[in-house]
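**Student:** One structure, as structure tokens, below. Some questions next.
The values are calculated or read from the model by the stated rules, or taken from the named source; none is laboratory data. Everything numeric in this text was worked out from a predicted model, so none of it was measured. Glycine also receives a Cβ, built like all others from the backbone with ideal geometry; neighbour counts cover every protein chain displayed.
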Amino acid sequence: MNMKQNSSLSSPLKRITVLDALRGFALLGVILMHMIQHFGIFSMSSQQETLQFPALDEAIQWIGNNIIMGRFINIFAFLFGLSFFIQMDRAAKKGIDFRKRFVWRMILLLGMGLLSHSFYSVEIISIYGFFGLLMIPLYRVKKWILLALVGFLLLGGPRAIQVINHNSNVGTEQTDSEESVNNRPPDRELPEHITNPSFFNSAKHNYEERLGGKLNYQFGLIGRGYVTFALFVLGLVLGRIRFFENIHRQKRQNLFLFIGFVVATLLVTLIQNVMPAQNIRALFGPGDETISASLLMAKALDDIGMVLFTGSLTMGFILLYQTRHFGKHLDVLAPYGRTALTNYIMQGFIGSILFSPWAFGSSFGSWGVSALFFLGIVIYALQGIISKLWLEYYLYGPLEWLWRSGTYLSFQPFKKKSPKE
């Protein structure tokens, strides 16, 4: 009986192509932003700057900061939550409880993420694996409770709790502040992975130094992870109401949603511009400084504005996808989205080769922002071509197949059958 269930569940599923194309679109933004950020990898670049175009570099950097950063990866997170619902729902329709299998699936994803962390510390797969485990008990929770949870996370509830604890401890620590100023430790020497470049030293640095920073960014006062989890839950909610299953019949509704997201984004931006400027980066390490309510409000507005911008991008993409002229062009992104796990991890592997001190970091680390941006487009296009060719012969991307086989603890069908077969 179990073998029959596993065979039924693991058979290829009918896909909603707009979701594949949207996932491919999200990963375009991810690689472009990561290229600008050197994939979070620091290397001693050569003294001579290469391919620097100041005006264009400044414009591309603005686009990265204000249009791409945080917004495209939000789409990726939202789609992960939606995919969770689709898998659980399709299993339930067959009378199968997929929860235990999904736990194992997320453990495998967490492992792949932690392995990828050895190459580049900004990978997000390990965080997704952890959040995926938290989604399981939420599957049957009432929608209003899920939406309340989303509101709590986006308004900065977890951050507020941490700030209350932080501010209460500041007074007791301030008595030692003068002594600490007079006894500052000497400037740190360059880490070993810079002075003695090797993959082993870089991996060691990523696990020993960068992993803690990642966890602080996700679960500390910046709280990026709470926004990600809120988007997971939103994906679950939209899955429940069958939003994407009926999307081809609701073009008018999609237009209204797009307009609503755009207007809401502009309103939040207006409020942010009216409010006094706040140094949100202070949340990375506030030290013995008290965190003000105005700073908390500014960060909450920043998170909400970014999610609303993500909604505008998502609905704008869907509207264009549904038009006869643009739809056929955007559909070329679908193969990239179908092999999203393979392409995402390969993005990071390529980025580590380009920017790591043990590889070509001394060369590509000196490139200007616009040159790296356009190189990212080239890499993305090549991955897209390879993905399309690959899917002509295989059912899944290589890592998708490996993950699927690991999920069911048996080798899954991989190669497409020829018409003669």
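**Student:** When you scan region 317-332, do you find a residue that is farther than 30 Å from residue 261 by Cα, crowded, with 17+ Cβ neighbours inside 10 Å and either touching a residue at least 40 places away in the same chain (Cβ under 8 Å) or in contact with an Asp or Glu (Cβ under 7 Å, 6 or more places away or on another chain) (or both), even just one? Outline the logic, then answer.
**Tutor:** Going residue by residue through region 317-332, those that are farther than 30 Å from residue 261 by Cα are none.
Scanning region 317-332, I find no residue that is farther than 30 Å from residue 261 by Cα, crowded, with 17+ Cβ neighbours inside 10 Å and either touching a residue at least 40 places away in the same chain (Cβ under 8 Å) or in contact with an Asp or Glu (Cβ under 7 Å, 6 or more places away or on another chain) (or both), so the answer is no.
**Student:** Just need a number here: residues in region 134-146 that are surrounded by 15 or more Cβ atoms within 10 Å (Cβ to Cβ) and under 16 Å from residue 231 (Cβ atoms). Give the steps one after another, and end with the answer.
**Tutor:** Step one: filter region 134-146 for residues surrounded by 15 or more Cβ atoms within 10 Å (Cβ to Cβ), giving 135-136, 138-139, 146.
Filter again for under 16 Å from residue 231 (Cβ atoms), leaving 135, 138, 146.
The qualifying residues number 3.
**Student:** Same structure again: Among the residues of region 368-421, what is the count of those that are under 14 Å from residue 337 (Cα atoms) and among the aromatic types (Phe, Trp, Tyr)?
**Tutor:** Final tally of qualifying residues: 3.
One line per residue, one yes/no per condition, for (1) surrounded by fewer than 19 Cβ atoms within 10 Å (Cβ to Cβ); (2) of a type in the set (D, E, K, R); (3) over 26 Å from residue 339 (Cβ atoms); (4) in contact with a strand residue (DSSP E or B) (Cβ under 7 Å, 6 or more places away or on another chain):
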site: 17; (1), (2), (3), (4): yes, no, no, no
site: 31; (1), (2), (3), (4): no, no, no, no
site: 37; (1), (2), (3), (4): yes, no, no, no
site: 43; (1), (2), (3), (4): no, no, yes, no
site: 48; (1), (2), (3), (4): yes, no, yes, no
site: 51; (1), (2), (3), (4): yes, no, yes, yes
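**Student:** Let me ask another. Taking region 227-253, which residues are of a type in the set (Phe, Trp, Tyr) and modelled with pLDDT of 95 or more?
**Tutor:** Kept after step one, since they are of a type in the set (Phe, Trp, Tyr), are these residues of region 227-253: 229, 232, 243-244.
Of everything in region 227-253, those that are of a type in the set (Phe, Trp, Tyr) and modelled with pLDDT of 95 or more turn out to be 229, 232.
**Student:** Also, I was wondering about something else. Only one residue in 40, 81 is closer than 30 Å to residue 196 by Cβ and not aliphatic (A, V, I, L, M). Which one? Walk me through it before giving the result.
**Tutor:** Working: 81 fails: closer than 30 Å to residue 196 by Cβ.
Checking each option against the conditions leaves just 40.
**Student:** Show me the helices (runs of 4 or more DSSP H) found entirely inside region 328-421 where at least 1 residues are farther than 30 Å from residue 317 by Cα. Full working, then the answer.
**Tutor:** Details: elements: 334-338, 340-355, 361-364, 369-391, 398-408.
Hits in region 328-421: 340-355, 361-364, 398-408.
**Student:** Keeping to region 23-68, report how many residues are among the small types (Gly, Ala, Ser) and outside any helix (DSSP H, G or I). Reasoning before the result, please.
**Tutor:** Filtering region 23-68 for residues among the small types (Gly, Ala, Ser) gives 24, 26, 29, 40, 43, 45-46, 55, 59, 64.
In the following step, the residues that additionally are outside any helix (DSSP H, G or I) were identified as 43, 45-46.
The total comes to 3.
**Student:** Would you tally the residues in region 152-168 being closer than 12 Å to residue 296 by Cα and in contact with a Leu (Cβ under 8 Å, 6 or more places away or on another chain)?
**Tutor:** Just the residues of region 152-168 that are closer than 12 Å to residue 296 by Cα, to begin with: 154-164.
Imposing the further condition that a residue be in contact with a Leu (Cβ under 8 Å, 6 or more places away or on another chain) reduces the set to 156, 159-160, 162-163.
Residues meeting the conditions: 5.
**Student:** A further question on this structure: Do we find a residue being in a loop (DSSP other than H, G, I, E, B), under 29 Å from residue 206 (Cα atoms), aromatic (Phe, Trp, Tyr) and under 17 Å from the mean Cα position of the chain (by Cα) anywhere in region 80-94?
**Tutor:** If we filter region 80-94 for residues that are in a loop (DSSP other than H, G, I, E, B), which is where we start, we get 94.
Next, only the ones that are under 29 Å from residue 206 (Cα atoms) stay: none.
No: zero hits.
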